[in-house]
Amino acid sequence: MQTRGSRLAALPETASGRRRTSRTCGASRWLVLVRLSLAQGGLWRRLGFAAAGVALASVPVRAAATAQATIPAPGTLSNAASADSGAPKEPQRTPAPPAAPAAAEPPRVDEVTVTASLARSVSINGSVDGVRSASSALGWARTIGGPAGPRVLRGRLLMGVELTPALVLRGTERGFGFGLSPIRFRWLTEPVGRLRLFGELNGGILATDTPIPHGITRFNFTAEAGGGLRIACWRRTGLVLGYRLHHLSNGNRRPDNPSINSHMVYAGISVLARR
């Protein structure tokens, strides 16, 4: 029978033995886990290689199946060709070209002129000579068409009226008068720098306080033709310089119809207004 001392002496030896036993069991367990992991790793590698081999083997099979599906049957092409040859072919319609954008309408132009003129009559086909005159005029014209004409003369046609509020005659014929030209055509070219050319035709009436020519009538008709130059000065305002061949007669309303033909030069101001 063991005493208490012997038990106490044997106690450390038993604890140490137990520690050695636990260490041995732990090491064996780790060895088992390592062997299992290595075995499983080999197994997964074998499974991966097998799956890769199956996938590589299936690629040619799929490619062959796709190529066979895309190749039509031998009779299909011949049937389609015969159907195309027998059916009437519709003519191919070429698409219509896109419509060109509508050109913007050029702006309209109104012109107002204020001029003063000097004239001297000359003998043309028996007309009265030696008559000098001075007059003032106020004109207005509006564009009735777009730009037209060749290069240098390309311009716009304007139509309007002109009022002659004051006319003084001197020389062989003397008197005062006023006139109105309800027929007024004016061709105004496109600007070249600051310059514009213009041509004009006027027709109207002239009333005087004494018969002109002397002893004939105080109511006469007028006709004018001429041209000139417009010089742009400031914004829409310009200086106009022009010449007219002025004709005055009674229009054969009397048995005697002497006329007065004059060379007229004038200068003034022109204002262009767009609308």
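Values in this text are rule-based calculations from the coordinates and carry no lab data. In this text the structure is predicted, and so the values were computed from the model without any measurement. Neighbour counts are summed over all protein chains in view; Cβ atoms, including those assigned to glycine, are modelled from backbone coordinates with ideal geometry.
Among the residues of region 216-236, just one is charged (D, E, K, R) and under 13 Å from S181 (Cβ atoms), namely E224. The single condition among (1) more than 27 Å from W234 (Cβ to Cβ); (2) surrounded by 13 or more Cβ atoms within 10 Å (Cβ to Cβ) that F176 does not meet is (2). In summary, L248 fulfils each of the numbered conditions (1) over 21 Å from G130 (Cβ atoms); (2) part of a strand (DSSP E or B) with the single exception of condition (1).
Which ones in region 230-245 are in a strand (DSSP E or B) and free of Cβ contacts under 8 Å to residues at least 40 places away in the same chain?
Correct list: I231, C233, W234, T237, L239, L241, Y243, L245.
Residue count for region 149-166 satisfying the condition of being closer than 14 Å to F185 by Cβ and either exposed (fewer than 13 other Cβ atoms within 10 Å of the Cβ) or among the aliphatic types (A, V, I, L, M) (or both): 4.
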